[in-house]
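Data block below; observations after.
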Amino acid sequence: DNEVWNFLKTHAEPFEDTPNTVLRRLLLNNNMKANGSLSSTISSIEEPKFPSDIPMALQQILEVAFLVKCKDINRSEATNKVAKKRGIAPQTVIDKYCRQLDKKAYEIDRLLEYNIDEFKLILQNRFSIHKIYINDFFNKYFLN
C-alpha cells in the first residue's frame, strides 16, 4: 500500500535500491541469513583474483556479483566497496554493469537474485573472448 511504499522510499538510495534491497537491509541487516544466524561460510569465501588479461570492466562486474552473491550484501553497497577498493567513483562501477551491459540497476538486481545463469550469458556475449573464464568464475563462486 502507499504507506509501506512511502516508508520504503524514505530508506532507499535513489536509482540504486529495489524494494527487496531496502527490506533486506532493514530486516536482515545484510549480514544475516533468513533464519537470523550469521553465516560463517559467507565471510570465509576468498575474494577472486583476476588474471591480467581480464578487462577492468569485466573484473568490476564480477567483483560486484561476487559481493552480492557470496558476501550477501546489496548491489549498491557492493558497488561502493569495489569503487573504494579500486580508488574510483561508484558511478564508474555502475557504468560497467549498467551502460556497458545495456541494463538498468534494478535489472541487474533481478538477474543476480533470480537468474544468475542469464547474467552469465549476458557477460559471455558481451565479453565473448573471455567466455571460458566467465564460465569458470561462475562455476567456482555461484554453483550451489
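The values are calculated or read from the model by the stated rules, or taken from the named source; none is laboratory data. From a predicted model like this one, the values you see are computed outputs, not experimental measurements. Positions of Cβ are backbone-derived with ideal geometry, glycine not excepted, and every protein chain shown enters the neighbour counts. Calculation scope for accessible area: heavy atoms of the full protein, side chains included, ligands and nucleic acids excluded. Shrake-Rupley method; radii C 1.70, N 1.55, O 1.52, S 1.80 Å.
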> Considering the stretch 36-66 alone, what residues qualify as being open to solvent by less than 80 Å² (accessible area, probe 1.4 Å), modelled with pLDDT of 95 or more and among the aliphatic types (A, V, I, L, M)?
Replying inline: I54, A57, L58, I61, L62, V64, A65
> Among the residues of the stretch 92-109, which ones are open to solvent by 60 Å² or more (accessible area, probe 1.4 Å) and in contact (Cβ under 8 Å) with a residue 24 or more places away in the chain?
Replying inline: Y106
>> Whether any residue in the stretch 7-26 is part of a helix (DSSP H, G or I), among the hydroxyl-bearing types (S, T, Y) and either modelled with pLDDT of 80 or more or over 18 Å from the mean Cα position of the chain (by Cα) (or both) is what I want to check.
In response: yes
> Considering only the stretch 71-91, how many residues are in contact with a Pro (Cβ under 9 Å, 6 or more places away or on another chain) and open to solvent by less than 10 Å² (accessible area, probe 1.4 Å)?
Replying inline: 4
>> Can you find a residue that is among the polar types (S, T, N, Q) and at pLDDT 95 or above anywhere in the stretch 84-107?
In response: yes
> Which residues, taken from the stretch 110-127, are more than 25 Å from T18 (Cα to Cα), assigned to a helix (DSSP H, G or I) and either open to solvent by less than 70 Å² (accessible area, probe 1.4 Å) or touching a Ser or Thr at 6+ places or on another chain (Cβ under 9 Å) (or both)?
Replying inline: Q124
